[in-house]
1. Any idea what diffusion coefficient the chain gets from Stokes-Einstein, in µm²/s, Kirkwood Rh on alpha carbon pairs, 4 °C, 1.567 mPa s?
2. Projecting each Cα onto the charge dipole of the range 132-249 (Lys/Arg +1, Asp/Glu -1 at the beta carbon, about the Cα centre), which of 192, 235, 178 comes out farthest on the positive side?
3. Compute the helix-to-body angle for 106-115: its Cα long axis versus the longest principal axis of the chain, expressed 0 to 90° and rounded to tens.
4. Taking the range 255-318, how much of its Cα-Cα pair set, in percent, is spaced more than 15 angstrom apart?
5. Please compute the modelled spin-label separation between residue 183 and residue 107, points set 7 Å along Cα→Cβ, answer in nm with one decimal.
6. For the chain, what relative contact order do you get, as a whole percent, if you take Cα pairs closer than 8 Å and at least 6 residues apart?
7. Angle between the Cα long axis of helix 126-140 and the longest principal axis of the chain, 0 to 90 degrees, nearest 10?
8. What is the Cα convex hull volume of the range 89-219 when expressed per residue in Å³?
Amino acid sequence: MDPTPDNGVAVSRMVLAHLAKHDFPTRSPLYAAIARDLLDDDEVLALAGGVVWHELPPMLLLAAVRHLLIADPTEPLAAFHADLTDSPRPPDQAYPLFREFALRHREEIASLVRSRAIQTNEVLRCACYMPAVALAPAALGTAELGLVDVGSSAGLGMLLDRYAYDYGAAGSAGPAGAPVRLRCEVRGDVAVPLDAAPPRIAHRVGLDRSPVDVRDPDDTRWLRASVWPGQGSRVELLLGALEAARADPPRIVAGDAVRDLPALLDEVPPQLGICVTTSVVLTYLGGERAAFAETLEEAGRRRPIAWVAYDTTHGIDRIGDAPPWVRALMDSGNVDCALVRLSMLTAAGREDRWLARSGYHGEWIEWMAAPN
């Protein structure tokens with residue numbers, strides 16, 4: 001997708017066309033059906049006007065509609081959402097009701113689109129980047145970490161040491177009695193390193209433009225609304241993780257990913273190694289992506305930092321001397337994959353270590369880095 005200065009209907013249509021071609025067909029039959037008609041409906045697309053392309057305006061529109069339906073599942077349109085009814089109606093019949101509902105609630109939807117951001121906070125992704133975080137203490141020469149999570153949403157990813165992990169025959173990790181259990185398929189021939197997993201975290205703080213309060217029903221409803229219809233297992237896992245987080249909510253600071261990050265890095269006690277995590281965040285930073293990386297690199301010159309990035313090919317900030325498998329994935333345009341990278345930022349500069357590729361939502365992982 002190429003960015004454009006026009007932030008009206010044209011932007012929404014451009015982003016929606018990409019989603020309709022690459023994402024919806026395999027992930028959400030309902031959204032695939034709605035998109036076919038929505039692409040030609042300027043009046044409804046205009047409800048997401050004024051949102052920059054990298055914040056995915058049509059996704060905000062769809063999530064806003066779903067947010068209202070979850071609050072009132074008696075609406076006829078809710079009958080097409082599998083997690084809101086026991087007998088969902090055929091997706092191809094949805095658009096007339098979708099259009100009527102969107103225009104009837106145009107003011108509420110426009111307000112949600114302009115005040116919210118897409119925040120799925122997919123907890124299963126922890127299964128793919130937690131092993132990378134577990135490598136950080138040894139790389140930093142410390143026993144425990146100070147975790148700084150950027151783009152935290154509700155902070156579910158910050159609690160990665162509290163989950164139980166099941167990698168099938170490849171092994172398991174985490175507290176056996178954890179209320180949240182993450183199951184992830186392991187592919188390939190290289191073992192996922194689990195000897196130090198999960199990592200020991202002694203300090204944690206999140207940073208987000210619009211933090212989600214796990215105790216706020218409206219906030220958590222938006223998280224659920226951001227999960228596409230037809231993905232009931234993701235909804236169940238999200239609700240379970242939110243329930244567990246309410247027992248001890250993580251601290252999340254409202255702020256800018258570039259401007260406010262240095263202060264949070266300075267908070268980490270000196271005896272701890274700093275590990276910064278970003279999970280499908282760089283994609284949404286747009287033009288600030290380079291500035292974010294530069295901020296981390298500058299901080300790393302003063303104190304070593306391990307940066308674990310989990311992102312799509314759209315969110316990679318640099319390729320550098322990446323191995324062939326990374327370049328091949330970048331060239332393929334595969335949107336169902338994510339990349340896991342551990343970057344060490346020190347006075348000597350930045351060194352990227354490409355570790356794994358995985359399913360977009362953390363369903364599977366293929367560890368690619370050779371064992372140390």
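1. Once the numbers are plugged in, D ends up at 61 µm²/s.
2. Value computed over the given set: 235.
3. Taking Cα atoms only, the helix is inclined about 10 degrees.
4. Details: 1008 of 2016 pairs.
Taking all Cα-Cα pairs of the range 255-318, the fraction more than 15 Å apart is 50 percent.
5. Computed distance between label sites residue 107 and residue 183 equals 4.7 nm.
6. Relative contact order for the chain comes out at 18 percent.
7. The answer is roughly 20 degrees.
8. Details: hull volume 23.2 nm³, N = 131.
So the per-residue Cα hull volume is 177 Å³.
Throughout, read-outs are computed from the coordinates displayed, never taken from laboratory work. The structure displayed is predicted, hence computed values, not measured ones. Quick reminder, even Gly has a Cβ in these numbers, built from the backbone with ideal geometry, and neighbours come from all protein chains shown.
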